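Written below as structure tokens is the structure these notes are about.
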Amino acid sequence: MSVNFSNILACGFQKSEISIINEYAVSHDLNLQENTYLYHEIFHDIKEDDILLIKINNQNDIKFIKRHKLHIYESFCIFCLEYDKRNLIYTYINHHNLPFFFSPIDINEVQKSFMRILTIRKRKDNFFKHISGLVCLNVEFEWKSCDVVISPLCSDITRIMEMGNYIHKNESDGITLALEEAFTNSIEHGNLELDSNLRPQSYNDSDEYEKLKLLRMNHEDYGKRLIKCRIFSNSDEMMIEIEDQGKGFDTVSFLKKINDTTPTRQEILTSSGKGIILINKYFQKITYDNNGRSIRLFKKRIPQGG
Amino acid sequence: MEVNYSQEGSRIRVAVDGNIDSDGAGKLSDILQKIMTIDNVENVEFDLLSVFSTTSSGIGKLLNFYKYIDSHGGSMEISAISESLYKQFIDIHLDRIFTIRLK
């Protein structure tokens, strides 16, 4: 697959935005075709070296794109989203691993967006080359904490594990939830530095944990900390590593506490660490590194005939 | 994930359909908060036969609800549970907190 583009197909943008995209197109020797409203005309004839730029203005736009999703998977797209519709669309495009970028557009944003496309396109080429045989895989992603949408991300990683024969289909739900636990822990306890003791111990308690989580997610010092995910596999096993940029923690004491086979009733009712027990259930091995900032989950490949 | 409840006198039955992920825990919490506004509830039973796994957030909601109902003199039990969720609950010793019936 080539990573060189020839054409930009743009639809849904206002005139002022098109002129900015055109400025970029001209300076990079790209051909710009624009269509303000009629998406279906553009979807007919998309080629590999086209970039399809769609501005999502409302829910009808995303419904339209869903109907034509086969075309979207064949081409490379970026979506510029109206801010107030972001949550509405975020889940869908994350779930389908489609790249997206936010408005407002200026020439720097267009430049940055296209550089991201090239980077993601290169990764995607390697990624799918490996996926098709899944003998070995080595990919790395990173997101700001405030940008991670956990559930669909974990569903996608689970799909990869299924495709590579590292899990049976009936393990999928459990694996997805275990991954959700791992990502949630890295984001909330790692990057956002939230203490489990802040969680309400009864329904009468106010939820200081959730309040602080929201505050820190929107705070530059916390929300923009990165979560890195590395997926490595060979013929024997797959490793998923999730790394945060938090302070780390005492993994030895923590693991000792959760491996305690005789907790008291009170400890069961109040203790944290249940997430790790759930992760332990679905992955054969878990290790920590980098003072607890990195967790590695291991799963062996299912033997043929197994 | 869907969660519904029904009432028969002082007994409430909560049925959960689907795995309890992060969003599901929120839905479960909303229903449990509604139940807490009902007077004279003596027993709450949970049907988790169609739940195969839950996040720690879902477990937290169940435990907090247990503490609430227990502090008000009521009781809580899991009247039906899938085998995989049962194993999960055993791993974290929840069988020592409330009655769990494996069907």
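The values are calculated or read from the model by the stated rules, or taken from the named source; none is laboratory data. Keep in mind it's a predicted model, so treat the numbers as computed, not measured. Don't worry about glycine lacking a Cβ; one is built from the backbone with ideal geometry, like all the others, and counts go over all protein chains shown. Note: accessible area is taken over every heavy atom of the protein model, side chains too, but ligands, DNA and RNA are not part of it. Shrake-Rupley method; radii C 1.70, N 1.55, O 1.52, S 1.80 Å.
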**Prompt:** Has the range B:13-20 got at least one residue that is over 28 Å from A:L179 (Cβ atoms) and of a type in the set (K, R)?
**Reply:** yes
**Boolean, A:I279 is surrounded by 14 or more Cβ atoms within 10 Å (Cβ to Cβ), in contact (Cβ under 8 Å) with a residue 40 or more places away in the chain, within 24 Å of A:D156 (Cβ to Cβ) and within 14 Å of chain B (Cβ to nearest Cβ)** = yes
**Prompt:** Of the conditions (1) in the same structural domain as A:R199 (by TED's automatic domain parsing); (2) exposed (fewer than 13 other Cβ atoms within 10 Å of the Cβ); (3) modelled with pLDDT under 80, A:G306 fails just one. Which one is it?
**Reply:** (1)
**Message:** Can you go through A:R293, A:R230, A:R265 and tell me which one is within 23 Å of the chain's Cα centre (by Cα) and open to solvent by 70 Å² or more (accessible area, probe 1.4 Å)?
**Reply:** A:R230
**Item:** Residue in the range B:84-103 that is surrounded by the most Cβ atoms within 10 Å (Cβ to Cβ), counting only those that are within 11 Å of chain A (Cβ to nearest Cβ) and of a type in the set (A, V, I, L, M, F, W, C)
**Value:** B:L85
**Prompt:** Given A:E193, A:E181, A:E188, which one is within 22 Å of A:K274 (Cβ to Cβ), assigned to a loop (DSSP other than H, G, I, E, B) and under 21 Å from the mean Cα position of the chain (by Cα)?
**Reply:** A:E193
**Fill in**
Those residues of the range A:225-252 which are touching a His at 6+ places or on another chain (Cβ under 9 Å) and modelled with pLDDT under 90 amount to A:S233, A:F249
**Complete:** Flagged in the range B:3-26 as modelled with pLDDT of 90 or more and open to solvent by 50 Å² or more (accessible area, probe 1.4 Å), in numbering order, are B:N4, B:Y5, B:S6, B:Q7, B:E8, B:G9, B:R11, B:R13, B:D17
**Item:** Scan of the range A:187-224 for residues that are within 14 Å of chain B (Cβ to nearest Cβ) and at pLDDT 90 or above, ordered by number
**Value:** A:I187, A:E188, A:H189
**Item:** the range B:51-83, subset at the interface with chain A (Cβ under 7 Å from one of its Cβ atoms) and open to solvent by 10 Å² or more (accessible area, probe 1.4 Å), residue nearest to A:E180 (Cα to Cα)
**Value:** B:S56
